[in-house]
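Chemist: Have a look at this one.
What follows is calculated from the coordinates using simple rules that are stated; it is not laboratory data. Note that the structure is a prediction, hence the values are computed from the model and not measured. When we count neighbours, we look across all protein chains shown, and the Cβ atoms used for this are built from the backbone with ideal geometry, even at glycine.
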Amino acid sequence: MTKTINQKLKEFRKNADLTVKELSDLTGISEVTIVGIETERITDPKFSTVVALLKGLGARMNITQKSFSPLDQIKSYLKSKGVM
């Protein structure tokens, strides 16, 4: 199973042996926000927040673009609408 960004951030923080407060102090991101992300109350954190947390943890993120054929795009759209 693929981990969510929320789960990965918590894992990175624990591996870095940092408390939520320490990560907050390092990044300027509030403890409430960090806990919200880690507990998945915040399911779609801002990109800038994720980047700041990763920098504070000494981690990097790789972003790749997935190429879709027009048929894949149509199938994806139909699935999202519950047609397929």
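Chemist: Using 7 Å Cα-to-Cβ label points, what is the L26/A59 separation (nm, one decimal)?
Modeler: In this crude spin-label approximation the distance works out to 1.0 nm.
Chemist: Let me ask something else. Greater than 22 Å separation of Cα atoms is the criterion. Which listed pairs, K21/K55; K8/K79; K3/K75; K46/K75; K14/K55, meet it?
Modeler: Checking Cα-Cα distances, K8/K79; K3/K75; K46/K75 exceed 22 Å.
Chemist: Can you give the net charge of the other residues whose Cβ lies under 14 Å from the Cβ of E40, counting K and R as +1 and D and E as -1?
Modeler: Value of the local net charge: +1.
Chemist: Continuing with the same structure: Please identify the GluC sites (Glu not before Pro) of region 28-84 that satisfy two criteria: DSSP loop assignment and at most 14 other Cβ atoms within 10 Å. Which are they?
Modeler: Passing sites in region 28-84 are E40.
Chemist: Ok, one more. Rounded, prolate or oblate, given the Cα gyration tensor of region 5-57, with a/c below 1.5 counting as rounded?
Modeler: rounded
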